[in-house]
Amino acid sequence: MYAIVETGGKQYQVEEGRYVDIEALEGDVDAKVVFDKIIMLVNGKKSKVGQPYVSGASVEGKILKQDKAKKIIVFKQRPKKGYRKKQGHRQQFTRVMISKIRTSAKKSAKETEEVSTAE
């Protein structure tokens with residue numbers, strides 16, 4: 001089972017137990033992160049496509065590290081004019097370990113189990 005999540009203006013495919021590098025988020029290392037903008041849940045024939053988002057679904061994760069990616073070089077040149085300009089930067093990112101993908105069906109099933117065990 002995997003989900004497609006929207007964050008930082010981009011879309012990422014995430015699975016439980018795997019990490020993903022996304023645009024920089026606020027938060028310290030080992031902080032919990034919840035993504036609510038789930039575009040699609042894929043689980044065989046039980047797949048769901050959101051319009052625009054899947055209602056009741058969320059993805060939970062934990063921040064592993066805040067870091068910078070490798071340097072990106074931006075080089076501009078105009079032919080026959082002698083114009084050359086070299087710039088570069090290191091893009092910041094956050095590495096998140098995905099712990100749970102929750103759907104509304106899973107939540108309701110767990111809630112019904114809790115109610116039946118309480119009686």
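What follows draws every value from the coordinates through simple rules; no lab data is involved. Nothing here was measured: the structure is a model prediction, and the numbers come from that model. Neighbour counts are summed over all protein chains in view; Cβ atoms, including those assigned to glycine, are modelled from backbone coordinates with ideal geometry.
Some notes on this structure:
- Boolean, residue 102 is surrounded by fewer than 16 Cβ atoms within 10 Å (Cβ to Cβ) and among the basic types (Lys, Arg): no
- When region 1-48 is filtered for residues that are of a type in the set (Val, Ile, Thr) and surrounded by 12 or more Cβ atoms within 10 Å (Cβ to Cβ), the ones remaining, listed by number, are 4, 5, 7, 14, 20, 22, 33, 38, 39, 42.
- Taking the criterion of being in contact (Cβ under 8 Å) with a residue 40 or more places away in the chain, under 17 Å from the mean Cα position of the chain (by Cα) and in a loop (DSSP other than H, G, I, E, B), the only residue of region 26-52 that qualifies is 27.
- In region 1-21, the residues that are among the hydrophobic types (A, V, I, L, M, F, W, C) reach residues that are surrounded by fewer than 12 Cβ atoms within 10 Å (Cβ to Cβ) with C-beta atoms within less than 9 angstrom, at least six apart or across chains, in these pairs: 1/44; 1/46.
- Of all the residues in region 67-106, those that are assigned to a strand (DSSP E or B) and under 31 Å from the mean Cα position of the chain (by Cα) number 25.
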